[in-house]
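Here's the structure we're looking at; comments come further down.
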Amino acid sequence: MNLYQTMQKFLLDKNYYLDIWDTYIHVYNFIDIETLNEKLIVLNMENFKLEITGEDFRVLKLTKKEILIEGILNNVRINR
Amino acid sequence: MNYLWLKINKKYKNRLLIKCYKKKITVYDTKEDNSFIYLKISSEDYKTFQKSIIFKYQVIGGCGPNKIKSILKKYHIFFFSLIVVFIIFFFLTHIMTKVIVIHSNKEIRELVTKSLKEKGIKENSFKKSYQEIQKIKEEILNLYPTKLEWLEIEVKGMNYIVRVEERKIKEEEVEKDRCNIIATKDAIIKKIIYSKGEAIVEANDYVKKGDILISGVLKKDEEEKGVVCASGKVLGEVWYKITLNIPKVKEITEPTGKKRWNLKLSNNTYNDLIFKSRLDNYQTEEHHLFTLFGSTLSFVVQKEITKKTVTLSNEELKQIAEDEIKDKLNIKDDEDKEIIDKKILTEEINDDNLTMEFFVVVLEKISQSIEF
């Protein structure tokens, strides 16, 4: 496990990252989901809150650390 | 990994997803329609889902090995039948049930059958490939070069049909130095045909069995000039007395037109019809269906007959007598034999039989070559 974690840290050397496409947003390594609805998604990250606003949000994939959201993105805000 | 698709009411969507996250249930895919949301989760996470999610949900399908298992379970009878059909089909196309060797000589048939058996071509065995059959053919022909001229093995259905040609080596006739032609029966000489030797007898001479007909000793003026092996043929009239007992009444069978079908099973221990016969008197026609593991199944057609007795007319009795005389004297098999004359010596008629004594004169070959 130590080796795995080492590899993971080497490959994913960031605490978190966001991938934003035209109609998708991928968030890696969030801690909690605070709000989840069709217009607003608020994710608790390690040091801040991530607010995503838009329309017709739909969760495509959801794991313990990653979420893939499809929808019309209007605003992505980081609240520290 | 096994996956499941779950169907949940769309109004619980957001709370459900948050709950899944909090319970560390991975959602691999989602789909939505107007009323429902569909989630794809793993079988392992499903156990957690069952315990922790309070919303109403429905499992609508699986993915991966689980789905295959559910399909197999649902259609297990179909898949089982398919496997059975394939096995039967495999057997019917790959198992040979009979080896038929075609030749008039029993010895050749037995020889070839034994050789084929040793090479693996036998009843209830797997079908050999074309190359293997050709190889076996060559081996058998090389094994018996003096007995077998040609061998052909044909695969027809579930049978091997083997055609053989015997090799006939003409034995060289050993020329004999000195021989006479003697009489084999008492007879009156009718015809003498000879190419070597000296004829001792003439036409219309009466000879007894053992008398010399054509001598191998050539004489001139009572002096022996030379010795040869006499060759020739002598035909003579032989007299026979034959007694026949012919029944006047004959039982004949006539078909009624009624037919019934049946099946017959035969093997080492059993040889009988499968279903009870519905006719009392019948003639059967058997049609071989197949042979498997020593048991033969045949399709039987039973044709109903009626038996009745008829009294033979004089012409019919005469014809029967003629045929029986020919059989007794082997007239049909011998081209040198023919009946010259035939007379009835005695005739005795009772209710059932006709007893007749015949005097028959037959022209036949009476000569035989013998060394001296």
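Do you know which residues across segment A:70-80 are more than 10 Å from every other protein chain (Cβ to nearest Cβ) and either modelled with pLDDT under 90 or open to solvent by 20 Å² or more (accessible area, probe 1.4 Å) (or both)?
A:72, A:73, A:74, A:75, A:76, A:77, A:78, A:79, A:80
For residue B:77, indicate whether it is at pLDDT 90 or above, assigned to a helix (DSSP H, G or I) and more than 25 Å from residue A:65 (Cα to Cα).
Details: at pLDDT 90 or above: yes; assigned to a helix (DSSP H, G or I): yes; more than 25 Å from residue A:65 (Cα to Cα): yes.
Yes: the conditions hold for residue B:77.
Might you check whether a residue that is among the small types (Gly, Ala, Ser), more than 30 Å from residue B:295 (Cβ to Cβ) and loosely packed, with under 15 Cβ neighbours inside 10 Å occurs anywhere in segment B:66-87?
Checking segment B:66-87: at least one residue is among the small types (Gly, Ala, Ser), more than 30 Å from residue B:295 (Cβ to Cβ) and loosely packed, with under 15 Cβ neighbours inside 10 Å.
Tally time: how many residues in segment B:9-38 are assigned to a loop (DSSP other than H, G, I, E, B), within 18 Å of residue A:70 (Cα to Cα) and open to solvent by 30 Å² or more (accessible area, probe 1.4 Å)?
Residues meeting the conditions: 3.
Across segment A:19-64, what is the number of residues that are basic (Lys, Arg) and facing another protein chain (nearest Cβ under 10 Å)?
3
Consider segment A:13-48. How many of its residues are of a type in the set (A, V, I, L, M, F, W, C) and over 17 Å from residue A:61 (Cβ atoms)?
Final tally of qualifying residues: 5.
Residues that are among the hydrophobic types (A, V, I, L, M, F, W, C) and either touching a residue at least 12 places away in the same chain (Cβ under 8 Å) or open to solvent by 60 Å² or more (accessible area, probe 1.4 Å) (or both): find the strands (runs of 3 or more DSSP E) completely inside segment B:153-241 holding 2 or more of those.
Correct list: B:159-166, B:179-183, B:187-196, B:212-215, B:217-220.
Collect the residues in segment B:299-335 that are in contact with a strand residue (DSSP E or B) (Cβ under 9 Å, 6 or more places away or on another chain), of a type in the set (Lys, Arg) and open to solvent by 70 Å² or more (accessible area, probe 1.4 Å), keeping them in residue-number order. Break it down into steps so the answer makes sense when it comes.
Step one: of segment B:299-335, the residues in contact with a strand residue (DSSP E or B) (Cβ under 9 Å, 6 or more places away or on another chain) are B:299-312, B:316-317, B:320-322, B:324-326, B:328-329, B:331, B:334.
Next, from what is left, pick out any that are of a type in the set (Lys, Arg): B:303, B:307-308, B:326, B:328.
Listed by number, the residues that qualify are B:307, B:308, B:328.
Is there any pair linking a residue in segment B:329-355 that is farther than 30 Å from residue B:191 by Cα to one that is of a type in the set (Lys, Arg), with Cβ under 7 Å and at least six apart or on different chains, and which?
B:352/B:248; B:353/B:248; B:354/B:248
Could you list all residues from segment B:283-298 that are open to solvent by 70 Å² or more (accessible area, probe 1.4 Å) and part of a strand (DSSP E or B)?
Residues satisfying the conditions are B:283, B:284, B:285, B:286, B:287, B:288, B:289, B:290.
State which residue is farthest from residue B:184 (Cα to Cα) when the search covers only segment B:336-369 and only residues that are among the β-branched types (Val, Ile, Thr) and open to solvent by 30 Å² or more (accessible area, probe 1.4 Å).
Once the filter is applied, the top-ranked residue is B:349.
Taking the conditions exactly as written (within 13 Å of chain A (Cβ to nearest Cβ) and without any contact (Cβ under 8 Å) to a residue 12 or more places away in the chain), does residue B:40 satisfy them or not?
So residue B:40 fails the test.
Does residue B:99 satisfy being in contact (Cβ under 8 Å) with a residue 12 or more places away in the chain, more than 14 Å from chain A (Cβ to nearest Cβ), β-branched (Val, Ile, Thr) and under 30 Å from residue B:161 (Cα atoms)?
For residue B:99, the condition - in contact (Cβ under 8 Å) with a residue 12 or more places away in the chain, more than 14 Å from chain A (Cβ to nearest Cβ), β-branched (Val, Ile, Thr) and under 30 Å from residue B:161 (Cα atoms) - is met.
In this structure, does residue B:252 turn out to be out of contact with any Gly (no Cβ under 8 Å at 6 or more places or on another chain) and touching a residue at least 24 places away in the same chain (Cβ under 8 Å)?
It is true that residue B:252 is out of contact with any Gly (no Cβ under 8 Å at 6 or more places or on another chain) and touching a residue at least 24 places away in the same chain (Cβ under 8 Å).
May I ask you to list the residues in segment B:242-275 that are surrounded by 15 or more Cβ atoms within 10 Å (Cβ to Cβ) and over 30 Å from residue B:298 (Cβ atoms)?
B:242, B:244, B:246, B:248
Among the numbered criteria (1) assigned to a loop (DSSP other than H, G, I, E, B); (2) farther than 30 Å from residue B:16 by Cα, which single criterion is violated by residue B:135?
Failed condition: (1).
Could you please find all residues in segment B:20-37 being at the interface with chain A (Cβ under 9 Å from one of its Cβ atoms) and of a type in the set (D, E, K, R)?
Of everything in segment B:20-37, those that are at the interface with chain A (Cβ under 9 Å from one of its Cβ atoms) and of a type in the set (D, E, K, R) turn out to be B:22, B:24, B:29, B:32.
Can residue A:67 be described as part of a strand (DSSP E or B), surrounded by 13 or more Cβ atoms within 10 Å (Cβ to Cβ) and within 9 Å of another protein chain (Cβ to nearest Cβ)?
On the way: part of a strand (DSSP E or B): yes; surrounded by 13 or more Cβ atoms within 10 Å (Cβ to Cβ): yes; within 9 Å of another protein chain (Cβ to nearest Cβ): yes.
So residue A:67 passes the test.
Being open to solvent by 70 Å² or more (accessible area, probe 1.4 Å) and more than 18 Å from residue B:12 (Cα to Cα) is the filter here, so list the residues in segment B:47-64 that pass it.
B:47 - this is the single residue of segment B:47-64 that is open to solvent by 70 Å² or more (accessible area, probe 1.4 Å) and more than 18 Å from residue B:12 (Cα to Cα).
Can you name every residue in segment B:100-113 that is charged (D, E, K, R) and either outside the structural domain of residue B:135 (by TED's automatic domain parsing) or surrounded by 11 or more Cβ atoms within 10 Å (Cβ to Cβ) (or both)?
Passing the criteria: B:109, B:110.
Looking at B:324, B:348, B:335, can you tell me which residue is of a type outside the set (Gly, Ala, Ser) and either within 30 Å of residue B:272 (Cβ to Cβ) or assigned to a helix (DSSP H, G or I) (or both)?
Criteria check complete, one pass: B:324.
The values are calculated or read from the model by the stated rules, or taken from the named source; none is laboratory data. None of the values given here were measured: they were computed from a predicted structure. Reconstructed Cβ throughout: ideal geometry from the backbone, glycine too, with neighbour counts over all protein chains shown. For the accessible areas, the whole protein counts, side chains as well, though only heavy atoms, and no ligand, DNA or RNA atoms are used. Shrake-Rupley method; radii C 1.70, N 1.55, O 1.52, S 1.80 Å.
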